[in-house]
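Accompanying notes for the structure given below.
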Amino acid sequence: IMESGEEIGLKHFKPIKPLGSGDTGSVHLVELCGTNQHFAMKAMEKSVMLNRNKVPNVEV
């Protein structure tokens, strides 16, 4: 991925298992495809963030 200069996106990760959830979203253990690197990824509902005026605080 890095060698090709392509930006890393969701398609580069494989979900492994859910780790937890809260009032704004859920957290999943993911693996970067083609590596053995694991990360925690938080997924948030866009509508929830908009309703709570949290959009300016969110980075992709």
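The values are calculated or read from the model by the stated rules, or taken from the named source; none is laboratory data. Model, not experiment: these values are computed from the prediction. Note that we place each Cβ from the backbone using ideal geometry, even for glycine, and neighbour counts take in every protein chain shown.
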Show the residue pairs that are 6+ apart or on different chains and have beta-carbon atoms under 8 Å apart, the first residue being within segment 5-17 and under 17 Å from K42 (Cβ atoms) and aliphatic (A, V, I, L, M), the second being surrounded by 10 or more Cβ atoms within 10 Å (Cβ to Cβ) and at pLDDT below 85. I8/I1
So, first residue on the phi < 0 side of the Ramachandran plot in segment 25-52, second residue of a type in the set (F, W, Y), Cβ within less than 7 Å, six or more apart or across chains; the pairs are V30/F13; V30/F39; E31/F13; L32/F13; L32/F39; C33/F13; M41/F13
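This table checks each residue for (1) β-branched (V, I, T); (2) at pLDDT below 90; (3) within 16 Å of the chain's Cα centre (by Cα).
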position: G22; (1), (2), (3): no, yes, yes
position: H28; (1), (2), (3): no, no, yes
position: E31; (1), (2), (3): no, no, yes
position: Q37; (1), (2), (3): no, no, yes
position: L50; (1), (2), (3): no, yes, no
position: N53; (1), (2), (3): no, yes, no
position: V60; (1), (2), (3): yes, yes, yes
